[in-house]
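A short worksheet on the structure shown next.
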Amino acid sequence: MNSTVALLLCGPAAFLATTIMAAGASRLAAATRLVYGATLVISAVLLATAAGHLAGNPGEASATLPLGLPWTGARFRLDGLSAFFLVVVNLGGTITSLYGLGYGRHESLPHRVLPFYPAFLAGMNLVVLANDAFSFLLSWEFMSLASWALVMAHHRDEANRRAGYIYLVMASFGTMALLLAFGLLAGPAGTYAFDAMRTAHPGPFAAGAVLVLMLLGAGSKAGLVPLHAWLPLAHPAAPSHVSALMSGIMTKVAIYGFVRVVFDLLGEPAWWSGVAVLLIGGVTAVLGILHALMEKDLKRLLAYSTIENIGVIFASLGLALAFKANGMPSAAALAFTAALFHVLNHSFFKSLLFFGAGAVLTATGERDMEKLGGLIHRLPVTSFVFLIGCVSISALPPFNGFASEWLVFQAILRSPELPQWGLKVIVPAVGGMLALSAALAAACFVKAFGITFLGRARSAAVERAHEVDRWSLAAMAVLAAFCLLAGILPGFVIDSLSTVTLPLVGERMPVQMAQPWLSIVPIAESRSSYNGLLVFVFITISASLAAFFIHRFASHALRRDIAWGCGFPDAVPAGQYTAVSFAQPIRRVFGGFAFRSRETVDMPAPGALEPARLKVEMHDVAWEIFYQPITGAIDFATERLNHLQFLTIRRYLTLVFLYLVILLLVLALWP
Amino acid sequence: MNGLTFDIAHLLAGSLVLISFMMLYQDRLFALINVFALHAVVLALSVAWQAYIQDAHHLYITAAIALVFKAIVIPVGLHRIIQRLGIHRDIETAVGIGPTMLAGIGLVTLSMVLMLRVTPEADPLAREDLAFALSIILLGLLVMVTRRNAVSQVVGFMSLENGLVLAATGAKGMPLVVEISVAFSILIAFIVIGVFLFRIRERFDSVDIGALDDYRGERR
Amino acid sequence: MISQLAVQGAQMLAVLLLAPLLIGFVRKVKARLVRRQGPSLIQPYRDLVRLMRKEVVLADNASWLFRVTPYLIFAATWVAAALVPTFATGLEFSWTADLIVIVALLGSARFFQALAGMDVGTSFGGLGASREVMIASLAEPAMLLTVFSLALLAGATQLSTVAAFMGSPQVGLRVSLGMSLIALVMVAIAENARIPVDNPATHLELTMVHEAMILEYSGRHLAMIELATFLKLLLYMSLISCVFLPWGLDSGGTGPKSLAIGVATYLCKLTVLAILLAVFETAVAKMRVFRVPDFLGAALMLALLGTLLLFVSRSL
């Protein structure tokens, strides 16, 4: 057994030990500190191990434990892909634990959170390490159940119970799809080890079915439209640091599952698989961010924006598939690297933003943006780091979100060389969708930051707010620093990803750190290059130059006075723009087809005393098209089958007997 | 064929598609008719250019017909009809501009892909010309489908015919007689529709063809 | 190396100094077109100097973000403007950023501008910010798709390479180029808050977008924002002229004569574009705000169509 893998496997074991300890000691006062401290240390060790593997030794290592099914054992394996995702998971775990050290103290029900938190981390680590279908599915279910328990931490709230129920249903559905996918991959021989699946190549029909099942199984966990319905309910229901883990990290584990099966186990893809993934990715990106724009609950807004980012990642993976299927490995490497880079970036800024939302929740007790406002005066540090998160997620230079989106766009520009007509038409359309979703994301986060932190306080809770504890601030500051660093030194990240891309798509991106001035050049310098560091330096220099000259030569005088506002007295803070009114123009533009929205104004006659009312009606189209018919059908079927519960024993026996006879008949007639 | 001749033919045919899009975008009648006149002028230019590069003199006549009838006579006539009907301030779209444009892009893509796929061995100019012509025809149909007003339906119909002419000249085969007869049938159609418009107007006090549905009891 | 740096530095200063003059020229032409005398050409400079000298009146609850934003907007716009070739291509630092980055830099400036509009918490600021992001959410993708078309033709998103390609005879007359040009012009009109999308001269509350966001600014802060606005107009004009009118551009290191030609042609192009803008603005009326999505939607569709055509016809 390889020592690195052994060390990595000790991690989940240690997490589980922490779970047991937490279950016993969760009512102690020091339990919070103890549990988060332990997970912090364990995650940090795992992070260091995985990062060391990714940076130093590109080889692979595996181990088999005598656990699980008696004749297979549990196989685990570490290669470039799992090392990268281990880095994502444990980096998130480390920083979330750091945040939890402070945030956890405000938890009203620690015994419902503490035992499940390490278990959740253990589950995610094991999924990434698993090397056979059985341990993969077991860890996957473990991860789902632990996160479900965390969603249900505050189960006295009716909305949380509903969220937990829907999450549970969707998670079981997803696992069923995965189970079927692995069943197809295992083939008639029933070899559940990944190594055996890698060498067996399923036929085109089976491969297509596996792709669809993976889109259903991993896609439902990641939040692809139309399987996203549970995500904006469940992610915000959990405590904020767990929301960060679910949104920032667990969706990435789902992406890992998709990549592992589709890029690694399935062999050569067909060109149309790229079309399917691209289209779903593009639609997911646009619909996700449009839904986010309509939200006024800060955490739900963030959850919807996760859906958008998952869409971007899947679109990029779809491009990589299309390139790979057409024998263009260098372009595939570019698209695949862009997807993985965005995975990393999204885990940074989404965790940061959820931490910020948690800090706002701690300070004010509010998630509804329409009751916030003006927090920049009360929470100066939180608002600053939250602003950095907003700038990063809006894909603005020089932060990290832009670097990865830029790579995605460069990959799109490689695609006219693709031979299939379908791809030629769909790729630019998806490029347009991604550009649209990037612009809408900027609008969405102007709203998120502007309504929550700027303007005047809309409720008394804000007036009483004060800055959160040091642990939380430190965690957020670290993530903000990562957002900036990954944005100005993208070449470093791209080079570390080369060990991941090389075995999966057969090529790697050119070495970036050797470029002068640390710029990134994905194809050739005359074609395109980007230097985040210099852009950052230029902006800093020119802003400071401008400030210097102004302060040297212009007037210094400054007077505080009441706001001008075109001379209109505007005394009440309720007169400010709200989250809903801010999104109104965009709702009018896109709402018609995205939400079938309708506005009705009820204006009383002049002189009448009742208030005028504006009513906005919006529909979740995906919910109505996909879910309601299914639930309707199930309701109908259960209604019809209900009377089966009230039969006599003789009739039950008859039913069983008939079933047996039918089975025997089928066997007899089977060709 | 050298690069420049191809480029100019390509540019003219492409501009026709672009102008068809402008027609989709216009929701005021006068602007629509002006854009249609522009469409006809560009068509005449395109046909004349084809006549020049193919050295086919009868195409000049086609170009002249397009210029005189479609760019001058019919737009002026339509202007006067609108003046006399007093509907020049009407704004009308049955479907929103966004979905219409999206549908238009879908149609152009469809015709490009279709034409380029079914004609792999034809020469590039004819291929592109046919693809553009099919796009213009489909866009003309789309204009007709998405408008309520009878006048703009006439305009959509005429622009559809422009697409046919473009296809015919690009394919180097349509005899002059056929073209002239097509042109005259269009003219006659125009006159008939003009008369028809006044009749609708007399009866229903509107040229919204929705009124006809009411008359037939088809509206819900 | 030194001369290249000098050219880069000269260009950065040139755009800064030229931008107010361009605005003054546009205003003058507009005034003359409606038979007014109009303010003098150098009035924008005077305005800037006057604003610099005045004291800043800050709203009571304005935060640090409100005070930092003018410098950030100015810096982002200036860096973007410095990366667009004006009279010479092959600039020393042109490889730091390609066209997509330039679009995104302008996006950053707008992001902060919208935030600053919401900072004081008046209803006007929110109104401006909300409308601005609606306009941007359509204009930005249209711009990016235009960039895609150019990049597909030239095989690069690097602006110097694009300009060099567009100047070479192999480009030919392309339909998709025409579509890109129209889309780019429509985006430029919207982004610079010109008529018919927005009226730069209005202070009527219901019609303003850009002006509503900066309503609370005064003194040196307002001067920085105004200067950034001027720079943005110059940037878009330089972009259009270097991509679609690429004649006379100095290709770098070819001596003072070709530099002089570059400067002269650049000034001519700016003059022509400014006159066109003024004529256009005088000829059309401002749209209602909710007509703007149709206008920009058309730009977006045109850009998309151009890109699609290129994708499909590249295989001929």
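Laboratory data are not the source of any read-out in this text; all were calculated from the coordinates shown. Just so it is clear, the model here is predicted, and its values are computed rather than measured. So basically every Cβ, Gly included, is an ideal-geometry build from the backbone, and we count neighbours across all protein chains shown.
At-a-glance table
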read-out: Stokes-Einstein D for the stretch A:270-544, Kirkwood Rh over Cα pairs, 10 °C, 1.306 mPa s (µm²/s); value: 83
read-out: Positive-end extreme of charge dipole, the stretch C:2-313 - chosen from C:Phe148, C:Thr271, C:Thr89 (charges on Cβ); value: C:Thr271
read-out: 10 Å Cβ neighbours from other chains, averaged over peptide A:384-392; value: 1
read-out: Residue with peak Gaussian network fluctuation, chain C [Cα springs, cutoff 10 Å], from C:Leu249, C:Leu273, C:Leu99; value: C:Leu273
read-out: Angle in degrees between helix C:43-53 and the longest Cα principal axis of chain C, rounded to the nearest 10; value: 50
read-out: Projected-area average for the stretch A:109-155 over all orientations - Cα convex hull basis, square nanometres; value: 2.9
read-out: Neighbour-count ranking [beta-carbon atoms within 10 angstrom, fewest first] of A:Tyr652, C:Tyr236; value: A:Tyr652, C:Tyr236
read-out: Relative packing of A:7-15, A:123-131, which averages over residues the other C-beta atoms within 10 Å, highest first; value: A:123-131, A:7-15
read-out: Gaussian network model of chain C, Cα within-10 Å springs - most flexible of C:Ala299, C:Ala31, C:Ala114; value: C:Ala31
read-out: For C:Thr89, distant residues with modelled amide H under 5 Å away; value: C:Asp250, C:Ser251, C:Gly252
read-out: For residues of C:63-75, the mean tally of beta carbons on other chains within 10 Å; value: 5
read-out: Chain A - percent relative contact order, Cα under 8 Å, separation 6 or more; value: 12
read-out: Sparsely packed chymotrypsin sites (Phe, Trp or Tyr not before Pro) within the stretch A:384-415, loop by DSSP, other Cβ within 10 Å at most 16; value: none
read-out: Trypsin sites (Lys or Arg not before Pro) restricted to the stretch C:21-108 and DSSP loop, no more than 12 other C-beta within 10 Å; value: C:Arg35, C:Arg36
read-out: Chain C: C-alpha gyration tensor shape, a/c 1.5 cut-off, then a/b vs b/c; value: prolate
read-out: Placed amide H near A:Asp297: partners under 5 Å, 5+ positions off or other chain; value: A:Met369
read-out: Rh by Kirkwood over Cα pairs, then Stokes-Einstein D for the stretch A:346-455 at 0.692 mPa s and 37 °C, µm²/s; value: 211
read-out: Amide hydrogen neighbours beyond the local backbone of A:Ala74, cut-off 5 Å, H modeled; value: A:Leu65, A:Leu67
read-out: Whole-number Å³ per residue for the convex hull built on Cα positions in the stretch A:566-658; value: 228
read-out: Chain A: calculated mean residue ellipticity at 222 nm from DSSP helix runs of at least 4, using -39500 (n - 2.57); value: -22000 deg cm²/dmol
read-out: Whole-Å semi-axes of the ellipsoid equivalent to the stretch A:504-645 (Cα gyration tensor, √5λ, descending); value: 50, 41, 13
read-out: Neighbouring partner chain Cβ atoms per residue of C:188-197, average, 10 Å criterion; value: 0
read-out: Selection from B:Ile72, A:Ser273, A:Leu7, by position along the positive dipole direction of the protein assembly as shown (Cβ); value: B:Ile72
read-out: Rg/Rg_globular for the protein assembly as shown, with Rg_globular taken as 2.2 N^0.38 Å and Rg from C-alpha atoms; value: 0.98
read-out: Nearby aspartates and glutamates by direct alpha-carbon distance to C:Lys286 (threshold 13 angstrom, same-chain neighbours under 8 apart not counted); value: C:Asp198
read-out: Share, in percent, of DSSP beta bridges within the protein assembly as shown that are antiparallel, nearest 5; value: 75
read-out: Cα gyration tensor, the stretch A:42-181 - rounded (a/c under 1.5), prolate or oblate; value: oblate
read-out: For chain A, projected area of the alpha-carbon convex hull averaged over all directions, nm²; value: 38.4
read-out: Proxy reagent accessibility, fewest Cβ within 10 Å first, across B:Asp123, A:Asp495; value: B:Asp123, A:Asp495
read-out: Gyration tensor (alpha-carbon) shape descriptor, the stretch A:625-669, a/c threshold 1.5; value: oblate
read-out: Cα-based reach from B:Lys70 at 23 Å (exclusive), listing lysines while leaving out same-chain residues under 8 positions away; value: B:Lys172
read-out: Radius of gyration, Dmax [the stretch A:44-123; alpha carbons; angstrom]; value: 16.1, 47
